[in-house]
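Readers should treat all values here as calculations from the given coordinates under stated rules, not as data from a laboratory. Treat the numbers as computed from the prediction; the structure is a model and nothing was measured. Heads up, the Cβs are rebuilt from the backbone with ideal geometry, glycines too, and the neighbour counts pull from every protein chain shown.
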Amino acid sequence: MQSRLVVADDGGAVRVLDLLTEEVRDLAPVPGIRDVVTDGRFAYLSGADSVRVVDSGGWTVDHGDHVHHYRAQIREVGDVDLATPVQAHSDKAVTALSGVDGETLLLNREALEEGEIERAGTARVLPGTAAVPYEQHVLAPSENGVRVLDRAGTETARVDEPCPEPAGTAVTRRGVVFGCADGALLVSAEDGRFQGEKIAYPPGAPRATEFHQRPGSDTLAATAGTDGAWLLDLSKRAFTHVPTGPVTGVNAVGAGGSLLALGTDGTLRAYREDGTEIARNRVVEPGGPPPSILIDTSRAYVHDGGTVHEIDYNDGLRVARSFPLGGPIAHVVETGR
């Protein structure tokens, strides 16, 4: 893999860590940093009133039965005016940047890869949700469902299955998942026709509002209320509740793998799908900014203060490497996976 971490501290300092060479590249600061998201190659850093686009220079192309990894120079592409923070999703042709107010810019992906910001169209989504390029179209959450747009932003169809109060999105090999008040909506396409399938929560259970996954995986994780987590296995079309206790972050290794949950006490725990705890390691001092858990094919990454810890989740949550990067770290994403 050609993985890199794009890291921002709470003062707006931005760095890119190459996980292969361990080299660190300092970039121009982003004043008023609010969030950092990625589409796998590019990082989108939400500042006070605009979005900085950074080409991390690492990406993976999924060919279904195998993947190819690529490297290029790290570079800052430019700024985009959108209400921040933003969410980002891409395919081979279009990058969709959705502002917190619902305004969405559709950017020409080929131009972006050449270092240019070129608008391909615009769209609107329900505020707080995200547009997702998928199957040569763009899926756009609306008040009670999902609209299907062309790559310029014009509506061409709607998904029949409703999705009340959409929140949370994940792209998988089986389709795009949207979190809804009554379950997860899996949108897929066949012969140019889009259909939705609802995966219901167990009765009376708290909903998911944000999904986490290893990129491309069909197993998703989400927090469930204040004292648990969800595992959503798309192959089984089923949610499983795992009683983790209070957590600040969760993620899923993938099919047949464990759920990772970071407790409010700073302890990282691994669980089987049946809820059995199989490993634990205290990796974070409680009280700082809530860390995220990033997962790739063999490692997880958790930040603590000004340090990012690399965790071997196949070896009892052992800390394999630690990277002091200044800090305190507020936002981190992994690219190149």
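Here are some notes:
- Once the Cβ-Cβ distance of residue 61 and residue 226 is raised to the sixth power relative to R0 = 35 Å, the FRET efficiency obtained is 0.35.
- Relative contact order (%) - region 86-200, alpha-carbon pairs under 8 angstrom, separation at least six: 16
- Across region 291-333, Cα pairs under 8 Å and at least six residues apart give a relative contact order of 34 percent.
- Per-q log10 I(q)/I(0), region 31-176, q = 0.10, 0.12 Å⁻¹ (Debye; single scatterer per alpha-carbon; no solvent): -0.33, -0.47
- All Cα-Cα separations within region 163-213 were binned at 5 Å from zero, giving a P(r) of 5, 23, 29, 24, 12, 6, 1, 0, each value a whole percent of the pairs.
- Selection from 225, 244, 2 lying farthest towards where the dipole of the chain points positive, charges on Cβ: 244
- Residue 122/residue 297 FRET efficiency (R0 30 Å; Cβ-Cβ; nearest 0.05): 0.25
- According to the calculation over all Cα-Cα pairs in the chain, the P(r) per 20 Å bin from zero is 32, 62, 6 %.
- With a Förster radius of 41 Å applied to the beta-carbon distance between residue 81 and residue 236, the computed FRET efficiency rounds to 0.45.
- Gap separating the Cα centres of region 149-224 and region 96-129, nearest whole Å: 20
- Model label sites at residue 93 and residue 181, defined 7 Å from Cα along the beta-carbon direction, differ in position by 3.5 nm.
- Placing dummy labels 7 Å off each Cα toward the beta-carbon, the span from residue 195 to residue 150 is 2.6 nm.
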